[in-house]
Amino acid sequence: MADLSVTVNGLKLPNPFVIGSGPPGTNANVISRAYDEGWGAVVAKTVCLDASKIINVAPRYARMRAAQTREVVGWQNIELISDRSLEVWEDEFKQIKDQYPDRILIASIMDEYRKDAWFEIVERVQACGVDALELNFSCPHGLPERKMGSAMGQDPEILTDVCSWVSEAARVPVWAKMTPNVTHICDPAHACLAAGCDGISAINTILSVMGVDLDTLRPQPTVEGHSTAGGYSGKAVRPIALRMVMELATMMYGAGGKGANASEASTNHGSNGNGLHALGGAFPNATLSAIGGVESGDHAAQYMLLGAHTVQVCTGVMIHGYKLIHQLCAELDAFMDRHGFKTIEDFRGHSLQYFTTHADLVQRQADQKAAKAGIVTEDAAWEGDAFVQQSDELVGNS
Ligand SMILES: Cc1cc2nc3c(=O)[nH]c(=O)nc-3n(C[C@H](O)[C@H](O)[C@H](O)COP(=O)(O)O)c2cc1C
């Protein structure tokens, strides 16, 4: 049995599986259930100072199913952050930490672009004993209309201000949660880490329109005949999230290995176990929590091979329930056993070294073809039938 425990920003988790912010962490009751089943940590549903402005609608979910199996492959939501007051949450954060002092509770927070607002929410939430903060810079619907959520997350200058304020006030580790609804996810992430955040969580949902009903001609989910663009999650988003995690890890840990650096990455991998820190990325000590479409231990292993320390699951829990954790741990353990990995650090970031530029792929293929063409480099390679051709190939420019 491999050791699945991880230590991130000084926090020790029994396994790397974290409940992602959303319905599976929406009150103390369900958070307790997650701990009882064995989840490594919980990020609670996002809270803000004034929940009276948070008004949800129904229906607010829509699902994409595979044609044959009817399996849910994609999930869309137009749900806002928590509509429960911060006072209620303060009581529940304290209650959860009293009941589960050894388990990791991460508060997800969001507010308007005002220093006093961020100071207040950080101070009030950390006073309840939560272990870490996740800054929600990524909710794609509703809140951006008030310049919150992904509206902040798309603007590195605003992020620099907010993360500096939070870093000044916070006494616990801080992760910044990134929106995928940008062209270059590394730009906002770099701003957050440079301003003092300890880690990055990625990704939140992808801005989407789920479909249009061909009978009513109304977009879905339909609320009073109308709709609004929502956030897409679940299995379907995993390839996009994997790409973004790869880019973030490369920026943070420097293990991308482009062109000539590819061999350097490979060498360093051999020398230090995971090849990340030796390459001197921009933020070698920052942590990375990967999110998007995780429903199996193999999915989690893929994110870890691309540099993630922990993996968050939201939609997967909505589809399969809290017991999913048992399957996730068993599958990750089986993967590690198969390769002889004893700890997650033994393989974290390993596959980053295999990413390179397209031009480098072309060069590698040309090199391989030339090698296969069989230019003689050793005496034993001379062949009677090809002797004249081989002689020709060895003639220089004379
Ligand atoms: C119904 C629903 C509500 C969500 N609410 C929040 C939220 O309040 N705060 C937040 O940071 N992310 C929220 N998310 C985003 C998830 O935490 C996660 O980043 C995203 O769904 C991708 O992961 P997944 O495929 O495992 O769901 C929500 C997702 C869903 C599906």
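Tell me, rounded to the nearest percent, the portion of alpha carbon pairs in the stretch 1-81 spaced more than 22 Å apart. Mind dumping the intermediate values first?
Details: 1526 of 3240 pairs.
Roughly 47 percent, once rounded to a whole number.
For THR216 and ARG33, what is the calculated FRET efficiency with R₀ set at 35 Å and r taken between the beta-carbons, to the nearest 0.05?
Step by step, r from the Cβ atoms, then E = 0.40.
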Next item on the list: Working from Cα positions, state the angle (0 to 90°, nearest 10) between the long axis of helix 115-126 and the longest principal axis of the chain.
Entry: 90
Margin query: With the crude spin-label approximation of a point 7 Å out along Cα→Cβ, what separation in nm comes out for ASP392 versus GLU331?
Written below: 5.6
Check: Considering only the stretch 6-356, what is the antiparallel percent among its DSSP beta bridges, to the nearest 5?
Finding: 40
Item checked: Reach of LYS369 by Cα under 23 Å, taken over lysines that are not fewer than 8 positions away in the same chain -> LYS258
Item checked: Nitroxide proxy distance, nm - points 7 Å out along Cα→Cβ at ILE240 and GLN99 -> 3.5
Check: Using a Gaussian network for the chain with springs between C-alpha atoms less than 10 Å apart, which of these wobbles most: ASP333, ASP215, ASP91?
Finding: ASP215
Item checked: Least to most buried among ILE200, ILE325 (fewest other Cβ within 10 Å first) -> ILE325, ILE200
Notebook entry, point to check: Quick one: helix 324-339 against the long Cα principal axis of the chain, what's the angle to the nearest 10°, folded into 0 to 90?
Noted result: 20
Note to self: Give me the extension gain from THR69 to ASP116: residue separation times 0.36 nm, minus the current Cα-Cα distance, reported in nm with one decimal.
What the structure shows: 11.8 nm
Notebook entry, point to check: In which sequence would TRP382, TRP165 go, from the one with the fewest C-beta neighbours within 10 Å to the one with the most?
Noted result: TRP382, TRP165
Notebook entry, point to check: Exposure proxy check: LYS147, LYS177, LYS45 ranked by fewest other beta carbons within 10 Å?
Noted result: LYS147, LYS45, LYS177
Next item on the list: DSSP loop (so not H, G, I, E, B), at most 12 other Cβ within 10 Å: list which chymotrypsin sites (Phe, Trp or Tyr not before Pro) in the stretch 72-108 pass both filters.
Entry: none
Check: So which aspartates and glutamates can LYS235 reach, going by Cα to Cα under 12 Å and dropping same-chain residues fewer than 8 places off?
Finding: GLU71, GLU295
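With Cβ to Cβ distances under 9 Å as the rule, what net charge do the other residues near GLY74 carry (K, R +1; D, E -1)?
Result for the neighbourhood of GLY74: +3.
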Notebook entry, point to check: trypsin sites (Lys or Arg not before Pro) within the stretch 191-261: which are DSSP loop residues with at most 16 other Cβ atoms inside 10 Å?
Noted result: LYS258
Checklist line | Dipole of the chain [Lys/Arg +1, Asp/Glu -1 at C-beta], most positive-end residue of ILE240, ILE31, VAL212 | finding: VAL212
Notebook entry, point to check: Order of 150-163, 284-297, 47-60 by packing, highest average Cβ count within 10 Å first?
Noted result: 284-297, 150-163, 47-60
Next item on the list: May I ask you to list the lysines whose Cα is less than 26 Å away from that of LYS94, ignoring any residue fewer than eight positions away on the same chain?
Entry: LYS12, LYS45, LYS53, LYS115, LYS177, LYS323
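Can you figure out the FRET efficiency of ALA194 with ASN9, using R₀ = 22 Å and their beta-carbon distance, to the nearest 0.05?
Rounded to the nearest 0.05, the efficiency is 0.85.
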Next item on the list: Evaluate the distance, in nm, between pseudo-label points positioned 7 Å from the Cα of TYR354 and of SER85 along their respective Cα→Cβ axes.
Entry: 5.4
Check: Computed FRET efficiency, Cβ-Cβ of ALA58 and HIS320, R0 22 Å: what is it to the nearest 0.05?
Finding: 0.45
Notebook entry, point to check: So how tilted is helix 28-37 from the main axis of the chain? Cα-based, degrees 0 to 90, rounded to 10.
Noted result: 40
Item checked: Value of relative contact order over the chain, rounded to a whole percent, pairs C-alpha under 8 Å and six or more apart -> 16
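Only the coordinates and a few stated rules stand behind these numbers; no lab work does. Since the model is a prediction, treat every value here as computed from it, not as a measurement. Positions of Cβ are generated from backbone atoms using ideal geometry, with glycine treated the same way; all protein chains shown enter the neighbour counts.
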